[in-house]
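Asker: Quick one: structure below, then a few questions.
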Amino acid sequence: MAQFETHSSAPRVTVWDLGVRLFHWSLVSMVVLTYLFDEPRKLHRGMGYVVIILIAFRLIWGFVGGKHARFADFIPSPARLFGYLRDMLRGREARYLGHNPAGAAMIVLLLCTLSAIGATGYMMGMDAYFGKDWVENTHKILVNFLIVFVAGHVGGVIFSSWRHRENLVKAMVTGHKERHD
């Protein structure tokens, strides 16, 4: 992704704190591994529990973490989201130091979808729901939606990196972005 690098002398600022970065990359790893290892069931289930724990951590971190980790900093109103999407279609969307409104909406969508996947996965192991086709089918459908949403997330990161000439993947690894005032 070197073509997204900027070589300006703009000051660098920490945007993504360690909690956000560890959560993000741990979640990516666990989701990929959980998807790849449907068997043995015990391993799949254990990694699913780790995903649930990570989501619980992120929900807490959304209230106590650093400035750009806090939900109050980035969750947009519908008007702000649609205004951003309109500006994006016109090629004049603003650059955000933290999450842009579309990225923030995607985060909410991903967290909700992963939570529902975790809930249905947990339900499959409960006596009350064990062997119920609708629970397993819902779990599988949610996983398919997750794949589409992840593709949209990755596409958005690539698009935004290109549009604003910054490497967002590198920023999520290092935690730093260039400040453009």
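Asker: Sort out which residues of region 90-114 are over 19 Å from ILE60 (Cβ atoms), hydrophobic (A, V, I, L, M, F, W, C) and in a helix (DSSP H, G or I), and write them in order of number.
Answerer: Correct list: ALA102, ALA105, MET106, LEU109.
Asker: Mind listing just one residue for me: the one in region 144-170 that is of a type in the set (Phe, Trp, Tyr) and touching a residue at least 12 places away in the same chain (Cβ under 8 Å) and, of those, farthest from ALA69 (Cα to Cα)?
Answerer: Here is the first cut: in region 144-170, the ones of a type in the set (Phe, Trp, Tyr) are 145, 149, 159, 162.
From what is left, the residues that are touching a residue at least 12 places away in the same chain (Cβ under 8 Å) are 145, 149, 162.
Details: PHE145: 25, PHE149: 21, TRP162: 23 Å.
The selected residue is PHE145.
Asker: Still on this model: Checking VAL173 against (1) open to solvent by 80 Å² or more (accessible area, probe 1.4 Å); (2) free of Cβ contacts under 8 Å to residues at least 60 places away in the same chain, which test does it fail?
Answerer: Single failed check for VAL173: (2).
Asker: Let me confirm something: among ALA79, ALA128, which residue is surrounded by fewer than 18 Cβ atoms within 10 Å (Cβ to Cβ) and modelled with pLDDT under 95?
Answerer: Values: ALA79 fails: modelled with pLDDT under 95.
So the residue among ALA79, ALA128 that is surrounded by fewer than 18 Cβ atoms within 10 Å (Cβ to Cβ) and modelled with pLDDT under 95 is ALA128.
Asker: What pairs come out if I take residues in region 20-44 that are within 14 Å of VAL173 (Cβ to Cβ) and modelled with pLDDT of 95 or more and pair them with residues that are assigned to a helix (DSSP H, G or I) and among the polar types (S, T, N, Q) whose C-beta lies under 9 Å away, six or more apart or interchain?
Answerer: What qualifies is ARG21/THR174.
Asker: For the structure I just gave you, tell me whether ASP38 is touching a Gly at 6+ places or on another chain (Cβ under 8 Å) and either part of a loop (DSSP other than H, G, I, E, B) or more than 23 Å from LEU146 (Cα to Cα) (or both). Working first, answer last.
Answerer: Details: touching a Gly at 6+ places or on another chain (Cβ under 8 Å): no; either part of a loop (DSSP other than H, G, I, E, B) or more than 23 Å from LEU146 (Cα to Cα) (or both): yes.
Here the answer is no, as ASP38 does not meet what is asked.
Asker: Let me ask something additional. With the requirement that a residue be over 14 Å from GLY118 (Cα atoms) and in a helix (DSSP H, G or I), what does region 44-65 give you?
Answerer: Taking region 44-65 first, the residues over 14 Å from GLY118 (Cα atoms) are 57-65.
Residues satisfying the conditions are PHE57, ARG58, LEU59, ILE60, TRP61, GLY62, PHE63, VAL64.
Asker: Enumerate the pairs (first residue in region 98-126 and in contact (Cβ under 8 Å) with a residue 24 or more places away in the chain; second residue anywhere and acidic (Asp, Glu) and surrounded by 18 or more Cβ atoms within 10 Å (Cβ to Cβ)) with beta-carbon separation below 8 Å, excluding pairs fewer than 6 apart on the same chain, so at least 6 apart or on different chains.
Answerer: Final answer for the pair search is ASN100/GLU93.
Asker: I've got another one for you. Take the conditions under 20 Å from HIS24 (Cβ atoms) and either open to solvent by 30 Å² or more (accessible area, probe 1.4 Å) or β-branched (Val, Ile, Thr) (or both) and apply them to PHE149. Does it pass?
Answerer: Details: under 20 Å from HIS24 (Cβ atoms): yes; either open to solvent by 30 Å² or more (accessible area, probe 1.4 Å) or β-branched (Val, Ile, Thr) (or both): yes.
Criteria met by PHE149.
Asker: If you check ALA10, ALA2, ALA94, which single one turns out to be open to solvent by less than 30 Å² (accessible area, probe 1.4 Å) and modelled with pLDDT under 95? Steps first, answer last, please.
Answerer: Working: ALA2 fails: open to solvent by less than 30 Å² (accessible area, probe 1.4 Å); ALA94 fails: open to solvent by less than 30 Å² (accessible area, probe 1.4 Å).
Every option except ALA10 fails the conditions.
The values are calculated or read from the model by the stated rules, or taken from the named source; none is laboratory data. Keep in mind the model is a prediction, meaning the values are calculated, not measured. Heads up, the Cβs are rebuilt from the backbone with ideal geometry, glycines too, and the neighbour counts pull from every protein chain shown. Side chains included, ligands, DNA and RNA excluded: accessible areas come from the protein's heavy atoms. Shrake-Rupley method; radii C 1.70, N 1.55, O 1.52, S 1.80 Å.
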